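Novice: Just passing along the structure, written as structure tokens.
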Amino acid sequence: MSDLYSIFDVMKTLPIFVAFSLILASQVIGKTVPNNAAADLVLGQLNFTTPTIVLPTATSVGDTYGVTVDPVTRKVFVASFRDTRVLRYASADALSNGAPAEMVFGQAGFTSNAEDNPNASRGMRGPGGIFLDRKGRLWVADFGANRVVMFESASLRTATAPGIPPFPNLVLGQPDFVTFTGDATREKMDGPDGVWVDAEDRLWVADSNNNRVLRFDAVSSKGSGDPADGVLGQTNFTTASSGSTQAKFNFPTTIAVSTNGTLFVVDPDNNRVLRFNAAATKPNGANADAVLGQPDFTTTTALNPPTASSLNSPWGATITPDDRLWVSDRFNHRMLRYENAPSKASGAAADGFVGQPDFITKTSGITDRKLNFPGVSPHVDATGSLWVPDVDNNRVLRFPADTTLPTVATTGKLPKKTSKKKVTINGTASDANGIASVQFRVGNKPLQSATGTTTWQITAPLKKGKNTITIIATDSVGNAKELLLKVRRE
């Protein structure tokens with residue numbers, strides 16, 4: 001592991017994967033993107049309204065399938081399916097619209113997009129999803145090459161010589177770096193589209209054309225060409241049939257795994273996302289535990305117009321350490337947000353959205369608020385910002401998290417002393433993205449809801465002596481502001 005990641009050694013009593021997860025969780029918990037947010041950064045285009053499609057350069061990204069951000073260096077990685085490459089950008093904190101990439105994986109240079117260039121062992125054939133794990137390793141689902149490749153210390157890699165890109169350190173799905181044939185076995189893949197490494201060092205692969213998800217345990221100890229350890233979507237490693245049951249997929253495109261091991265599988269041709277609780281403990285071909293996007297495990301209909309509970313050919317997903325799941329709802333041109341996703345019931349409605357003004361609109365476009373087929377690997381970075389590969393707009397958008405607290409204040413005169421058993425208090429609350437609730441409690445008693453939100457009223461019971469009344473205004477993305485009041489009952 002690079003010295004760049006030695007910061008995590010301060011937590012000596014914990015495994016490195018757990019330590020990393022705890023640090024990352026502390027950075028993103030409670031921060032999310034408001035509904036219909038505007039992006040604050042675009043890569044691949046010079047501005048938010050230009051739909052330029054050009055030959056590959058350091059500033060272009062054609063068919064952007066995936067994006068991820070290194071939480072340590074803040075470098076940004078973008079997978080370009082059309083240009084068969086992965087681009088690396090400088091720190092996200094220093095990027096401006098249309099910024100050029102600093103490094104290319106899979107190609108001889110920034111103006112090349114040939115398959116397998118400069119040679120088969122270093123090239124790519126259409127990368128889909130990408131994932132940067134807790135050891136700084138970049139995993140690439142190389143769809144057209146029927147394999148997954150891994151690059152050690154990806155944020156530090158440079159060209160080995162002029163025109164010679166970095167050599168991958170590991171390949172799975174093929175016996176070596178120059179074989180590309182697809183198949184359905186323990187050792188082979190056929191069109192993998194999504195990758196994820198969980199907190200326990202397991203690699204999960206959405207093996208799309210084989211209609212299955214593969215699991216590789218203790219992937220750090222794997223060698224090139226090693227077999228998978230488990231499979232979902234099939235009962236064995238040699239069948240590849242599709243289906244629409246509780247245990248089957250129809251061209252799964254990506255996966256996301258929560259910190260407690262809950263697996264989400266995006267199942268686009270069934271217009272749904274399947275959830276597997278404690279997925280690593282399940283036997284091959286096990287049933288899913290819940291479904292999102294459909295009311296049950298037998299319905300596969302895409303609703304038109306959409307609703308908060310429907311999906312139309314979803315394509316990608318990512319989940320944060322505090323269990324906020326984002327799903328790329330491709331044909332509805334939107335990103336859906338599910339809070340506390342591992343505990344959602346089947347058919348549950350999404351809690352938020354980006355890319356549309358509401359839950360029932362499905363228009364595409366090219367603005368700072370619109371999307372045109374969001375891709376396989378969205379990403380939430382350490383600041384809570386959502387990065388979206390906007391495939392048909394040939395760009396990546398960053399939507400910043402809302403971290404501004406709402407305001408809350410009383411109106412009218414509040415007595416400091418009273419002989420009454422109750423006191424009525426009026427007030428206001430405001431936030432640019434809306435107030436979700438106003439609550440209050442007296443002392444350590446349970447929270448109660450106020451009447452109203454932007455204009456609210458509470459009636460608080462008082463005990464003899466001093467009383468502390470806490471009023472809490474919460475905005476639409478969970479930011480909360482407290483107001484403390486003191487009233488003495490004589």
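The values are calculated or read from the model by the stated rules, or taken from the named source; none is laboratory data. Remember, predicted model here, so these are calculated numbers, not experimental data. Virtual Cβ from ideal backbone geometry, glycine too; neighbours counted across all protein chains shown. When the accessible area is computed, the model is the full protein with side chains, heavy atoms only, and any ligands, DNA or RNA have been set aside. Shrake-Rupley method; radii C 1.70, N 1.55, O 1.52, S 1.80 Å.
Novice: Can you tell me which residue is farthest from residue 126 (Cα to Cα) among those in segment 373-394 that are among the aliphatic types (A, V, I, L, M) and open to solvent by 10 Å² or more (accessible area, probe 1.4 Å)?
Specialist: 382
Novice: In segment 165-180, is there at least one residue being in a loop (DSSP other than H, G, I, E, B), of a type in the set (Ser, Thr, Tyr) and out of contact with any strand residue (DSSP E or B) (no Cβ under 9 Å at 6 or more places or on another chain)?
Specialist: no
Novice: Out of 243, 233, I need the residue that is exposed (fewer than 15 other Cβ atoms within 10 Å of the Cβ), closer than 22 Å to residue 294 by Cβ and modelled with pLDDT of 95 or more. Which one?
Specialist: 243
Novice: So how many residues does segment 288-315 have that are in contact (Cβ under 8 Å) with a residue 12 or more places away in the chain and out of contact with any Phe, Trp or Tyr (no Cβ under 8 Å at 6 or more places or on another chain)?
Specialist: Number satisfying all stated conditions: 15.
Novice: Here's something else I'd like to know. Go over the candidates 186, 147, 134 one by one and state the one that is in contact (Cβ under 8 Å) with a residue 40 or more places away in the chain, of a type in the set (Lys, Arg), out of contact with any helix residue (DSSP H, G or I) (no Cβ under 9 Å at 6 or more places or on another chain) and surrounded by 22 or more Cβ atoms within 10 Å (Cβ to Cβ).
Specialist: 147
Novice: Considering every residue within segment 300-311, establish whether at least one is open to solvent by less than 40 Å² (accessible area, probe 1.4 Å) and in a strand (DSSP E or B).
Specialist: Within segment 300-311, none of the residues are open to solvent by less than 40 Å² (accessible area, probe 1.4 Å) and in a strand (DSSP E or B).
Novice: Limited to segment 410-441, what total is found for residues that are assigned to a strand (DSSP E or B), small (Gly, Ala, Ser) and under 35 Å from the mean Cα position of the chain (by Cα)?
Specialist: Adding up the residues that qualify gives 4.
Novice: Now for a different question. Could you check segment 320-359 and list, in sequence order, the residues that are more than 22 Å from residue 296 (Cα to Cα) and aliphatic (A, V, I, L, M)?
Specialist: Hit for segment 320-359 is 354, nothing else.
Novice: Just for segment 200-236: of the residues that are outside any loop (DSSP other than H, G, I, E, B) and of a type in the set (D, E, K, R), which one is nearest to residue 137 (Cα to Cα)?
Specialist: By that ranking, first place goes to 215.
Novice: Taking the condition of being open to solvent by 10 Å² or more (accessible area, probe 1.4 Å), in contact (Cβ under 8 Å) with a residue 60 or more places away in the chain and within 20 Å of residue 265 (Cβ to Cβ), how many residues in segment 340-365 meet it?
Specialist: Selection size over segment 340-365: 2.
Novice: Are any residues in segment 355-397 among the aliphatic types (A, V, I, L, M) and under 25 Å from residue 193 (Cβ atoms), and if so, which ones?
Specialist: 366, 371, 376, 380, 386, 388, 391, 396, 397
For (1) free of Cβ contacts under 8 Å to residues at least 60 places away in the same chain; (2) surrounded by 17 or more Cβ atoms within 10 Å (Cβ to Cβ); (3) assigned to a strand (DSSP E or B), each residue gets a yes or a no:
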{"residue": "445", "(1), (2), (3)": "yes, no, no"}
{"residue": "458", "(1), (2), (3)": "yes, yes, yes"}
{"residue": "467", "(1), (2), (3)": "yes, yes, yes"}
{"residue": "485", "(1), (2), (3)": "no, yes, yes"}
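Novice: Anything in segment 76-109 that is of a type in the set (Val, Ile, Thr) and assigned to a loop (DSSP other than H, G, I, E, B)? List them, or say none.
Specialist: Hit for segment 76-109 is 84, nothing else.
Novice: Looking at 219, 213, 197 in this structure, which one is touching a Pro at 6+ places or on another chain (Cβ under 9 Å), open to solvent by less than 30 Å² (accessible area, probe 1.4 Å) and β-branched (Val, Ile, Thr)?
Specialist: Just a single option satisfies the conditions, and that option is 213.
Novice: In segment 137-164, which residue that is more than 25 Å from the chain's Cα centre (by Cα) and part of a strand (DSSP E or B) is nearest to residue 284 (Cα to Cα)?
Specialist: Ranking the candidates gives 164 first.
Novice: If you go through segment 361-377 one residue at a time, do you hit one that is at pLDDT below 95, in a loop (DSSP other than H, G, I, E, B) and not small (Gly, Ala, Ser)?
Specialist: no
Novice: Identify all residues within segment 312-360 that are in a loop (DSSP other than H, G, I, E, B) and closer than 18 Å to residue 380 by Cβ; write none if there are none.
Specialist: 320, 321, 322, 323, 324, 339, 340, 344, 350, 351, 355
Novice: Still on this structure, I have one more. Please work out which one of (1) at pLDDT below 95; (2) surrounded by 16 or more Cβ atoms within 10 Å (Cβ to Cβ) is the condition residue 405 fails and give its number.
Specialist: With (1) at pLDDT below 95; (2) surrounded by 16 or more Cβ atoms within 10 Å (Cβ to Cβ) applied to residue 405, the lone miss is (2).
Novice: State which residue is surrounded by the fewest Cβ atoms within 10 Å (Cβ to Cβ) when the search covers only segment 61-107 and only residues that are among the basic types (Lys, Arg) and either more than 18 Å from residue 128 (Cα to Cα) or touching a helix residue (DSSP H, G or I) at 6+ places or on another chain (Cβ under 7 Å) (or both).
Specialist: Here the answer is 74.
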